[in-house]
Structures are given as C-alpha cells and as structure tokens.
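Take a look at the structure below.
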Amino acid sequence: MKKMNERRSKYLSIIVPVYNEEESIPYLHERLEHILSQQSFTYEIIYIDDGSSDSTFKQLNQLVEHDEHVRIVRFRRNFGQTAAMAAGVAYSQGEILVFMDGDLQNDPIDIPRLIEKIEEGYDVVSGWRKDRQDAQWSRKFPSQLANQLISQVTGVHLHDYGCTLKAYRHEVFRHIHLYGEMHRFIPAYAALAGARITELAVTHHARQFGKSKYGISRVVRVLLDLTTLKFLGSFGKKPLYAFGIPGLTSLGLGISTGLYALGRTVLPSQQHRQRSPLFPTALLFTSFGLLSIFSGLIAELLTRTYHETQDKPIYVVKQIHPDQGKTMPLIEQQTHNQEQTKTQKNGQKEIASSH
Ligand code: UDP
Ligand code: MG
C-alpha cells in the first residue's frame, strides 16, 4: 500500500446512509472503528441521516463528539437511499469511497479486502452477498431474477447489484449523476464510462434491529430505472436513432397503406368505386411515424443542450501523454484544480472527462 503522504489528506471515505436506524448505529460505529483503526490509511466516516424520525441524529451527534473521523450530513426530510449516497459522494474527501448499509447487514470486516482490490487497479469493487441472510421468496428470489436481467441488459455481469457494500475510486463519480433509485446501477453506469469492475464475496448478516425500508414495489422501480439505463447507454448521445427507426417504419407503412387505399378507391370503375376502409389505418401509421420522428428531433436538441451548455464531451479520456495542460476541456481543468489532480510517479496525469 502506498504511503499516505503521496495521497490526498483523506484516503478512504466510508459512506453510510441511515434512515431510522437508532439501535444499530452504536454497534455499527464500534465495529467500523475497530476495523479501521487497525489500518494504515487515513479515513473519514460520513453518516447521512436521511430524514430519520427516531433518535438516529442524536446517536450520530454523540459519535461526532467522541470521534474526529465522523461527519454527519442531515437531510431535511427522507429523500431516499440514492439521494443519501449522492450526498455522501458530494461531501466526501477520500480517494476511495466505500458505501455500506447502516443496519449491520454489511460487515466492516470486508472493507480492507475491497480496498486491496482497488489497489490492484480496479475502479469498482462490487460486494456480493453470496450467503445472503434475507427471506428466500420475498427478497432473494426477486433479487436473483433482477441481477440476471440487469446483467443481460447492461452486459456488466455481477451477481449482486443490490448489495450496498461496494468500493469505488472517487473519480468514477465525475461521470455519474444519480437519479431515482439508481444507486443499484452505479457499476453499470461506471462501465459505460469505461471503469474496470470486479466483484468480491462479502459477509452478510440478518437484520437485527428495525425493519427493511423497502417492499416488493421496488421491483417496478428497478425495472423502470433499468429501462432508463438501457436507453441512455444505447441512445443517450443519439436519441434520434431510438425514435427515428420506429418512426420511419411507421411512416413507411402509413404511406404505403395510404397509396394502396387510394388505389383501391380510385382505380375501380365509377359504379364500384367506394372509399377504402384502410384510410384511417394509413392516417394512424403516418401520424405516429411523424410524431415519433419529431420526438426524436426534440430529444436530439435536449442532448445537445445537455452536452454543450455544460461543455460535457461525449467521450471519456483515461490519460493524455505527454500532458501539456492545454488539451483538457476547460470545465475538466477547473474540476481537476479543485480536486487536486493525482500526479502519478512518472509525471503522467490521469484524467477522465464526462460522457
Ligand atoms: N435507507 C436510507 N433511506 C431510505 C431507505 C433506506 O438511507 O429511504 C438506508 C437504510 O437505513 C439502510 C440502507 O439504506 O442503512 C439499506 O436499507 P434497508 O436495510 O432497508 O434495505 P434492505 O437491506 O432491506 O435491502
Ligand atoms: Mg438492510
């Protein structure tokens, strides 16, 4: 492991979203402290109180008084686990970020192993609850199906997207903005930006205190989030292809049905002539086709606005060599100055720009 003085002042940030977890917090913190104090790197533990209505915040405050490693971000109301994790990223200073649940289901004992994998060169290390201690039919079974589906759709094959215990290089989050309940898909978004990903079997315990904050309705939200992910991955930079292909097909069908209907109407002799019943069908196809193409064009405008107003390039650069400091887009240079770009031993700079 590299020496600390080669690194930013904080090496590791543990990010723990908590929502009404008053009983678990003292035990979790004790366990975290026990494991982390044996490590050679510096660290911080960021608890995000996601609008708890029990004594969670009071418990966290007591931790701050006794432990300089602790920081609390307290939300005004319950914004959800994804928002809590996004806040954790925003307020963290570490080079490596480790997320974990605050209900004692993840075990801090796995943290050093996750970090070892990052040190090996991976950008994302995903925890896999191989021996998961949750109900079989209501939790494990739908989760297995979801993991297979997500792996197929995204092409990123992980056994356990739903496990919060994962480690990331901080820079991965320069390309990822979290919405909805997308925390489960962070590895897939990271893969879209070219991150190196691996997984590691981790310990899992049954919930001791309180109850799960999720019901079966999360299945629907996961499916919708997966649709967004697939759409952004395949068409995020070229939405006209998504709308234009069905649009053109429908327009083609509409025009040919229309011509056929016209032929059937005007070609027969005067006394047999009657309006073809296919005209409404032709009109339906044509209007759907035109609407779809126009939606695609509007989506193209939005994509350009997104990329151009924020100077967001459509690619991700890993490295520029030799780096003369001029080749980076301006916005990236600013971000880099703020985040104290890590200069590698040989003087090369590792950079990545948003997709
Ligand atoms: N959590 C949160 N906000 C929410 C829901 C959950 O911060 O709106 C936290 C929760 O306190 C826990 C973690 O996210 O630390 C995982 O939640 P939970 O244990 O209920 O999920 P499960 O393990 O049942 O999938
Ligand atoms: Mg849990």
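Key figures
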quantity	calculated
Any hit, the range 60-69, residues being more than 26 Å from ALA146 (Cα to Cα) and within 16 Å of ligand 1 (Cβ to nearest atom)	yes
When residues of the range 125-180 are limited to those that are among the β-branched types (Val, Ile, Thr) and over 23 Å from PHE231 (Cα atoms), the one surrounded by the most Cβ atoms within 10 Å (Cβ to Cβ)	VAL125
Qualifying residues in the range 89-108 (those that are closer than 26 Å to ARG139 by Cα and outside any loop (DSSP other than H, G, I, E, B)) - the one nearest to ligand 2 (Cβ to nearest atom)	ASN106
Some residue of the range 154-161 being within 14 Å of ligand 1 (Cβ to nearest atom) and either more than 15 Å from TYR189 (Cα to Cα) or out of contact with any Cys (no Cβ under 6 Å at 6 or more places or on another chain) (or both)	yes
Cβ pairs under 6 Å, 6+ apart, first in the range 83-112 and under 12 Å from LEU32 (Cβ atoms), second of a type in the set (D, E, K, R) and part of a loop (DSSP other than H, G, I, E, B)	GLY102/GLU21
Qualifying positions in the range 102-124 - crowded, with 20+ Cβ neighbours inside 10 Å and of a type in the set (Asp, Glu)	ASP103, ASP110, ASP123
Checklist (1) assigned to a helix (DSSP H, G or I); (2) within 14 Å of ligand 1 (Cβ to nearest atom); (3) among the small types (Gly, Ala, Ser) applied to SER151, failing item	(2)
First in the range 213-225 and more than 11 Å from ligand 1 (Cβ to nearest atom), second anywhere and among the basic types (Lys, Arg), Cβ under 7 Å, 6 or more apart	VAL222/ARG184
Residue within the range 109-120 that is within 16 Å of ligand 2 (Cβ to nearest atom), assigned to a helix (DSSP H, G or I) and more than 19 Å from ASN20 (Cα to Cα) present	yes
Criterion (within 12 Å of ligand 1 (Cβ to nearest atom) and among the aliphatic types (A, V, I, L, M)) met by exactly one of ALA206, ALA190, ALA195, ALA201	ALA206
Criterion (of a type in the set (S, T, N, Q) and surrounded by fewer than 18 Cβ atoms within 10 Å (Cβ to Cβ)) met by exactly one of GLN81, GLN38	GLN38
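FYI, it's all coordinate maths here, none of it is from the lab. Keep in mind that this is a model prediction, so the values were computed, not measured. Neighbour counts run over all protein chains shown; Cβ positions are idealised from the backbone, glycine included.
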